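Structure first, then comments.
The values are calculated or read from the model by the stated rules, or taken from the named source; none is laboratory data. Source: prediction; values computed, not measured. In this analysis, Cβ positions are derived from the backbone assuming ideal geometry, glycine residues included, and neighbour counts consider all displayed protein chains.
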C-alpha cells in the first residue's frame, strides 16, 4: 500500500509542476487559481510522501518520488506545453525510468 501512496505522491508532484506552468501562461484571477492549485497539489504530495516514508526507506522513497515527478513533468511538458521531444531527451527520460525501476526493485 505504501508504494501506491508513493506513486500517487509522485503524480501530485507532477501536478504541482503543471500548475506552475499554467500559472506562468496566465494572468489575473486565473493565475492565482493556478497558484492555489499548486499549493493544494504540493500539500497533498508532501503529505503522501511523509505517509509513505513512515515504512519505506527514506532514500528509496525520495528517489522514486522525485523520479515519478520528473518523468511526469517532462511528459506534461511534451504533451501539454509542446516542448520538444528530441531523441536525447527521450533517451535520458527512459534511463531515468529504468533507474527508478531499479531502485524500487532492490528496496
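Numbers at a glance
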item	result
Verdict on residue 39 being part of a helix (DSSP H, G or I) and under 27 Å from residue 100 (Cβ atoms)	yes
Qualifying residue in the range 78-88 (condition: touching a residue at least 12 places away in the same chain (Cβ under 8 Å), part of a helix (DSSP H, G or I), more than 14 Å from the chain's Cα centre (by Cα) and over 18 Å from residue 15 (Cα atoms))	no
Checklist (1) buried (at least 17 other Cβ atoms within 10 Å of the Cβ); (2) assigned to a helix (DSSP H, G or I) applied to residue 56, failing item	(2)
Residues that are closer than 20 Å to residue 80 by Cα, assigned to a helix (DSSP H, G or I) and without any contact (Cβ under 8 Å) to a residue 12 or more places away in the chain, drawn from the range 1-31	24, 30, 31
Any hit, the range 78-95, residues being under 22 Å from residue 20 (Cβ atoms) and either surrounded by 17 or more Cβ atoms within 10 Å (Cβ to Cβ) or touching a strand residue (DSSP E or B) at 6+ places or on another chain (Cβ under 6 Å) (or both)	no
Test: residue in the range 24-41 that is at pLDDT below 95 and within 18 Å of residue 5 (Cβ to Cβ)	no
Filtered residue count, the range 1-31, keeping only those that are at positive phi and either touching a strand residue (DSSP E or B) at 6+ places or on another chain (Cβ under 6 Å) or crowded, with 17+ Cβ neighbours inside 10 Å (or both)	0
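Per-residue answers, yes or no, for (1) touching a residue at least 40 places away in the same chain (Cβ under 8 Å); (2) surrounded by 18 or more Cβ atoms within 10 Å (Cβ to Cβ); (3) in a helix (DSSP H, G or I):
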{"residue": "33", "(1), (2), (3)": "no, no, yes"}
{"residue": "63", "(1), (2), (3)": "yes, no, yes"}
{"residue": "76", "(1), (2), (3)": "yes, no, yes"}
{"residue": "97", "(1), (2), (3)": "no, no, yes"}
{"residue": "100", "(1), (2), (3)": "no, yes, yes"}
